[in-house]
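Down below is the structure, laid out as structure tokens.
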Amino acid sequence: AQSVSQHNHHVILSEAASLELGCNYSYGGTVNLFWYVQYPGQHLQLLLKYFSGDPLVKGIKGFEAEFIKSKFSFNLRKPSVQWSDTAEYFCAVTLRNTGGFKTIFGAGTRLFVKA
Amino acid sequence: GAGVSQSPSNKVTEKGKDVELRCDPISGHTALYWYRQSLGQGLEFLIYFQGNSAPDKSGLPSDRFSAERTGGSVSTLTIQRTQQEDSAVYLCASSLGQGFPNQPQHFGDGTRLSIL
């Protein structure tokens with residue numbers, strides 16, 4: 001079955017530490033990939049997306065993600081986190097199925113950055 | 001500009017009652033999604049509407065849950081005979097739709113449902 005896995009449910013980092021959040025999906029066809037972020041008290045919003053071209057994509061607030069097709073992965077990275085990055089992060093994959101396109105979300109990763 | 005609007009923002013009701021949650025998507029967005037977000041459970045897909053096609057109901061957890069979308073715009077999620085495990089934040093999202101799979105979903109603020 002098609003699925004999206006985020007391996008870390010909770011991550012705690014100190015400010016200036018580097019961040020990498022894992023995302024793997026199970027689907028052999030063409031995909032579009034997204035990372036969404038939900039800051040405390042706010043609604044989900046797009047952080048970055050990949051649909052073609054350079055597999056290293058850059059998003060807002062210094063985040064980037066790399067699509068590695070052979071590993072079915074789309075990990076999110078940031079070289080130096082800030083306290084304001086405390087949020088929940090969701091990986092999502094849009095794929096084509098018999099009914100058209102379908103988006104599947106991962107379970108999310110809660111990031112807490114200590115000041 | 002106008003985003004996805006959900007109402008009510010909070011709903012508290014007694015076990016066994018029916019509830020209706022409303023979603024007003026962004027104008028021009030043909031795709032509409034309902035999700036449920038529970039503490040520690042991540043984002044659970046419920047139902048997906050795309051234009052005039054039959055909705056994808058594969059995520060609805062039981063037959064107590066139903067949704068409709070009138071005129072291709074506003075959607076209502078109905079939960080009948082609510083149970084305590086239905087307590088969660090119900091999120092609605094819209095996007096440009098089938099012809100634009102690389103376009104993101106735009107989320108509303110959600111309805112926080114509490115079943116006493």
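The values are calculated or read from the model by the stated rules, or taken from the named source; none is laboratory data. On a predicted model such as this, the values are computed, not experimentally measured, just so you know. Because the Cβ atoms are built from the backbone with ideal geometry, glycine has one as well, and the counts that use them run over all protein chains shown. Heads up: the accessible areas ignore ligands, DNA and RNA and are worked out on the full protein's heavy atoms, side chains in. Shrake-Rupley method; radii C 1.70, N 1.55, O 1.52, S 1.80 Å.
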Can you name the strands (runs of 3 or more DSSP E) wholly within segment A:1-55 that have at least 2 residues being hydroxyl-bearing (Ser, Thr, Tyr) and in contact (Cβ under 8 Å) with a residue 24 or more places away in the chain?
-> A:3-5, A:24-26
Restricting segment A:74-115 to residues that are more than 13 Å from A:Val37 (Cα to Cα) and in a loop (DSSP other than H, G, I, E, B), the residue that is modelled with the lowest pLDDT = A:Gly99
Going by the conditions given, is A:Gly29 within 30 Å of B:Pro55 (Cβ to Cβ), open to solvent by 20 Å² or more (accessible area, probe 1.4 Å) and out of contact with any Phe, Trp or Tyr (no Cβ under 7 Å at 6 or more places or on another chain)?
-> yes
Residue list for segment A:56-73, restricted to those being touching a strand residue (DSSP E or B) at 6+ places or on another chain (Cβ under 7 Å) and either among the polar types (S, T, N, Q) or in a strand (DSSP E or B) (or both) | A:Leu56, A:Val57, A:Lys58, A:Glu64, A:Ala65, A:Glu66, A:Phe67, A:Ser73
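Please find, among A:Thr94, A:Thr109, A:Thr86, the residue that is in contact with a strand residue (DSSP E or B) (Cβ under 9 Å, 6 or more places away or on another chain) and more than 14 Å from chain B (Cβ to nearest Cβ). Give the steps one after another, and end with the answer.
On the way: A:Thr94 fails: more than 14 Å from chain B (Cβ to nearest Cβ); A:Thr109 fails: more than 14 Å from chain B (Cβ to nearest Cβ).
Result: A:Thr86 is the single residue among A:Thr94, A:Thr109, A:Thr86 that is in contact with a strand residue (DSSP E or B) (Cβ under 9 Å, 6 or more places away or on another chain) and more than 14 Å from chain B (Cβ to nearest Cβ).
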In segment A:50-74, residues that are within 29 Å of B:Ser58 (Cα to Cα) and surrounded by 14 or more Cβ atoms within 10 Å (Cβ to Cβ) total 6
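Tell me the residue from A:Asn75, A:Asn32, A:Asn24, A:Asn8 that is within 11 Å of another protein chain (Cβ to nearest Cβ) and polar (S, T, N, Q), please. Step through it out loud before you land on a result.
Working: A:Asn75 fails: within 11 Å of another protein chain (Cβ to nearest Cβ); A:Asn24 fails: within 11 Å of another protein chain (Cβ to nearest Cβ); A:Asn8 fails: within 11 Å of another protein chain (Cβ to nearest Cβ).
Result: A:Asn32 is the single residue among A:Asn75, A:Asn32, A:Asn24, A:Asn8 that is within 11 Å of another protein chain (Cβ to nearest Cβ) and polar (S, T, N, Q).
Let's see how each residue does on (1) of a type outside the set (A, V, I, L, M, F, W, C); (2) modelled with pLDDT under 95; (3) outside any strand (DSSP E or B):
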position	(1), (2), (3)
B:Gly16	yes, no, yes
B:Arg22	yes, no, no
B:Gln37	yes, yes, no
B:Gly71	yes, yes, yes
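Among the residues of segment B:55-88, what is the count of those that are open to solvent by less than 20 Å² (accessible area, probe 1.4 Å) and either closer than 16 Å to B:Thr111 by Cα or out of contact with any Asp or Glu (no Cβ under 8 Å at 6 or more places or on another chain) (or both)?
Counting residues in segment B:55-88 that are open to solvent by less than 20 Å² (accessible area, probe 1.4 Å) and either closer than 16 Å to B:Thr111 by Cα or out of contact with any Asp or Glu (no Cβ under 8 Å at 6 or more places or on another chain) (or both) gives 7.
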Residues satisfying the stated conditions in segment B:17-54, i.e. more than 13 Å from chain A (Cβ to nearest Cβ) and open to solvent by 40 Å² or more (accessible area, probe 1.4 Å) | B:Lys17, B:Asp18, B:Glu20, B:Arg22, B:Asp24, B:Ser27, B:Gly28
State whether the residues of segment B:92-110 include one that is open to solvent by 40 Å² or more (accessible area, probe 1.4 Å), modelled with pLDDT of 90 or more, out of contact with any Pro (no Cβ under 6 Å at 6 or more places or on another chain) and within 12 Å of chain A (Cβ to nearest Cβ).
-> yes
Determine whether segment A:13-21 contains at least one residue that is within 23 Å of B:Ala31 (Cβ to Cβ) and hydrophobic (A, V, I, L, M, F, W, C).
-> no
When segment B:55-85 is examined, which residues are found to be of a type in the set (Lys, Arg) and either in contact (Cβ under 8 Å) with a residue 60 or more places away in the chain or facing chain A (nearest Cβ under 10 Å) (or both)?
-> B:Arg81
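Per-residue answers, yes or no, for (1) touching a residue at least 24 places away in the same chain (Cβ under 8 Å); (2) crowded, with 17+ Cβ neighbours inside 10 Å; (3) in contact with an Asp or Glu (Cβ under 9 Å, 6 or more places away or on another chain):
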{"residue": "A:Leu76", "(1), (2), (3)": "yes, yes, yes"}
{"residue": "A:Thr86", "(1), (2), (3)": "yes, yes, no"}
{"residue": "A:Leu95", "(1), (2), (3)": "yes, yes, no"}
{"residue": "A:Lys114", "(1), (2), (3)": "yes, no, yes"}
